[in-house]
């Protein structure tokens, strides 16, 4: 949420909000990264009763509305700033689970940040209570279609039957049976991939407080030759993490030989499980 260029024209900097956290926890602000997303300014806390916002100033030369529209098209700039944003949140996560704010959430003054905290105080307190002792974990599952196609006959009765029947054919009949077998292999690999994704998500979700599936990423984004079949996020209580990890290991044992690869990441702030109620500043 970025203030309009006209409204911010009279000031030189804005206030970048990384996240919201409670005031009663073990976090020492001295353990936060010294520099904010704009390295000219330090990270600090703005408190309001039971909560506090983690903020830093940002130069509007770089983070004003018009400047951002240009900078967000610069992939090098964007990658560096996203990493800086995540570093702050991950430092907080080492001590408590915060409510993460969206990348480039900027207010025009400290008073506007405090007004936001006051307006949504009860909402933030409720959300922080729900998030206490929980963290987000991401799981991406990839399918190597070549390996799966080679192994599909071991688990598909349909493919087994067609392979046996084709062995008895010759000439033109064998050619037609081969085409039929290829179609069956393609259909069965699709079916098993869908089954792996659904069963994997269901089994991991059984160890999570909440779970979601995100849109699948194409090869141009993942940089992998394998096809992504699941992109899940799981809000897992610290006390259930061992069971979650054991379930993940079980899935890898069950499906790994068929060409499925499970990639876990985390812990993360609960990006997929909070929706900031904040309205755009100004």
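Worth a mention:
- Annotation: the residues 255, 18, 271, sorted from fewest to most other C-beta atoms within 10 Å of their own C-beta, follow the order 271, 255, 18.
- Full-stretch length increase - residue 264, residue 225 - with 0.36 nm per residue and alpha-carbon distance subtracted: 12.2 nm
- Kirkwood Rh and Cα Rg combined as Rg/Rh, segment 191-282: 1.03
- Packing-based exposure ordering (other Cβ within 10 Å, fewest first) of 99, 185: 185, 99
- Ascending count of other beta-carbon atoms within 10 Å, so fewest first, for 77, 268: 77, 268
- The tail of the calculated P(r) for segment 5-132 beyond 19 Å holds 47 percent of all Cα-Cα pairs.
Where a number appears in this text, it was derived from the coordinates with a stated rule and is not lab data. What you are looking at is a predicted structure, and each value in this text was computed from that prediction instead of being measured. Please note: Cβ atoms are built from the backbone with ideal geometry, for glycine as well, and neighbour counts cover all protein chains shown.
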